[in-house]
Amino acid sequence: MKLQYPSYYPLFQCTAASCRHSCCIGWEIDIDPETAALYQSIPGPMGEELRRAICRENPPHFRLREDGRCPFLNEEGLCRLILAKGQGILCEICAQHPRFHNPYGNLRESGLGLCCEEAGRLLFTHEPGLLQSETTEEPSESDPDWLPELLEVRETAFSLALESAYSITERLFLLLCLGADVQDALDEGASLLQAAAPYQEEIFRRETLSELDGFSFDREALNSLLSFFQNREPLDKEWPARLAGIRERLGALVPLRMLSEDREAYERLIFYFLFRYLLDAGEDRDFLSKIKFAVAAVAVISLLDAQIRLETGGLSLENRIENARSFSSETEYSPDAMEDFWNACWEEEFLSFSALAGFCS
């Protein structure tokens, strides 16, 4: 099996007690069947405590304490299970988080989710790029027919995201146009490669960018986008209030977003979202929505950044990491929020091509 992952992926190490947003606090921790069976077999006081701490609903999960902490998280922010039994005692989600794995036949892509602050630190401090390796592990199924073509189309998307000659808003607009053209090809059963090929040419890119003047910034659409994320069930009770504050000061914040000094940070964010989601279009045939999510995510995160700029006069690396982490936790790690977003892409005007193009103007 071929493995593909961001260049910084092998560098990840959990910061444990040093983490300001422990994944052992506030998150429901599901227990996979194999580990649940293991926990049933552990003898002695530790085994008895484990079994008392597990809620046996489907799926089984740890009962969090009243303060939202995992019952095995000690006061120093360390896992008592690891201290007593080693890493092998962990359930799958605890052992893997914040890693994600997307299998596509003989290819498995792995990455680090931005809900983790250390993952964010690695993303913002390393050049975007992918590494490959191989394992003797056998794939569960053969390569899907669509994979080679979609991999090439994604390379075109990567090249647009990383084209330093363009501003971030120009890159996002080009990605939207690419998304629309590839989606048309998907719907019509045409060649995705032919749809994407013109975007490799500088002349075509410049001609496409000239169309951006035909789209006007729609403050109401941006307000609706923020309202959409604000009204999802929050993980952090402060999240809706923060988005409400941005909506109240939108006029002052818009000029402070996506500045030239932000280019490097936002191109890395765009690369992350394209890498994590774009190949899923091979299964659900919805390429454009994956592009829309990247555009919407950068739009919201850029406003979170602008809010810090307005309040403090600057924006630090720690601010960037925290803003990306907050957005990711509240959206990417909420199945309901993501499902609502995919549906809204085809139902709501604020996620239409023209509205999102207006964010790029």
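Within 29 Å of V182 (Cα to Cα) and basic (K, R) - does that describe any residue in the range 307-324?
Keep residues of the range 307-324 that are within 29 Å of V182 (Cα to Cα), which gives 324.
Remaining after also requiring basic (K, R): none.
Scanning the range 307-324 turns up no residue that is within 29 Å of V182 (Cα to Cα) and basic (K, R).
Selection of the range 90-123 for residues being part of a loop (DSSP other than H, G, I, E, B) and among the polar types (S, T, N, Q) yields only N106. Just to verify a result, which residue in the range 309-323, among those that are touching an Asp or Glu at 6+ places or on another chain (Cβ under 9 Å) and part of a helix (DSSP H, G or I), is most open to solvent (accessible area, probe 1.4 Å)? Looking at residues that are touching an Asp or Glu at 6+ places or on another chain (Cβ under 9 Å) and part of a helix (DSSP H, G or I), I get E318. R242 meets each of the listed conditions (1) over 17 Å from the mean Cα position of the chain (by Cα); (2) open to solvent by 60 Å² or more (accessible area, probe 1.4 Å) apart from (2). With respect to the conditions (1) more than 21 Å from N74 (Cβ to Cβ); (2) among the polar types (S, T, N, Q); (3) open to solvent by 30 Å² or more (accessible area, probe 1.4 Å), Q13 lacks only one, and its number is (1). Filtering the range 199-239 to residues that are open to solvent by 80 Å² or more (accessible area, probe 1.4 Å), part of a helix (DSSP H, G or I) and out of contact with any Cys (no Cβ under 9 Å at 6 or more places or on another chain) leaves Q200, E202, I203, R206, E207, D213, R219, E220, E238.
Out of all the residues in the range 117-140, which are open to solvent by less than 10 Å² (accessible area, probe 1.4 Å) and not small (G, A, S)? Of everything in the range 117-140, just one residue is open to solvent by less than 10 Å² (accessible area, probe 1.4 Å) and not small (G, A, S), namely L123. Selection of the range 162-182 for residues being charged (D, E, K, R) and open to solvent by 10 Å² or more (accessible area, probe 1.4 Å) yields E163, E170, D181. Of all residues in the range 140-159, those satisfying the criterion of being free of Cβ contacts under 8 Å to residues at least 40 places away in the same chain and either closer than 20 Å to E261 by Cα or not in a helix (DSSP H, G or I) (or both) are S140, E141, S142, D143, D145.
Quick check on the range 253-268. Is at least one of its residues among the polar types (S, T, N, Q) and within 29 Å of Q4 (Cα to Cα)?
Keep residues of the range 253-268 that are among the polar types (S, T, N, Q), which gives 260.
If we keep only those that are within 29 Å of Q4 (Cα to Cα) too, we end up with none.
Within the range 253-268, not a single residue is among the polar types (S, T, N, Q) and within 29 Å of Q4 (Cα to Cα).
For the range 89-116, how many residues meet the condition of being open to solvent by 70 Å² or more (accessible area, probe 1.4 Å) and either hydroxyl-bearing (S, T, Y) or farther than 16 Å from S22 by Cα (or both)? Step through it out loud before you land on a result.
Residues of the range 89-116 that are open to solvent by 70 Å² or more (accessible area, probe 1.4 Å), as a first pass: 92-93, 99, 101, 103.
Narrowing further to those that are either hydroxyl-bearing (S, T, Y) or farther than 16 Å from S22 by Cα (or both): 92, 101, 103.
Matching residues across the range 89-116 total 3.
Going by the conditions given, is E163 without any contact (Cβ under 8 Å) to a residue 60 or more places away in the chain and within 24 Å of A344 (Cα to Cα)? Against the criterion (without any contact (Cβ under 8 Å) to a residue 60 or more places away in the chain and within 24 Å of A344 (Cα to Cα)), E163 does not qualify. Among the candidates A265, A294, A281, the residue that is among the small types (G, A, S), within 19 Å of D218 (Cβ to Cβ), out of contact with any strand residue (DSSP E or B) (no Cβ under 8 Å at 6 or more places or on another chain) and modelled with pLDDT of 95 or more is uniquely A294.
If I go through the range 179-198 residue by residue, how many of them are outside any helix (DSSP H, G or I) and on the phi < 0 side of the Ramachandran plot? Of the residues in that region, 2 qualify. Looking at this structure, is G47 surrounded by 17 or more Cβ atoms within 10 Å (Cβ to Cβ) and not in a loop (DSSP other than H, G, I, E, B)? No: the conditions fail for G47. Could we say that D143 is open to solvent by 50 Å² or more (accessible area, probe 1.4 Å), touching a Gly at 6+ places or on another chain (Cβ under 9 Å) and not hydroxyl-bearing (S, T, Y) here? When the stated conditions are applied, D143 passes them. Filtering the range 124-139 to residues that are assigned to a loop (DSSP other than H, G, I, E, B), closer than 14 Å to Q4 by Cα and hydroxyl-bearing (S, T, Y) leaves only T135.
The values are calculated or read from the model by the stated rules, or taken from the named source; none is laboratory data. Only a predicted model underlies this, so the values are computations on that prediction, with no experimental measurement involved. Reconstructed Cβ throughout: ideal geometry from the backbone, glycine too, with neighbour counts over all protein chains shown. All accessible areas refer to the heavy atoms of the entire protein, side chains included, with ligands and DNA or RNA removed. Shrake-Rupley method; radii C 1.70, N 1.55, O 1.52, S 1.80 Å.
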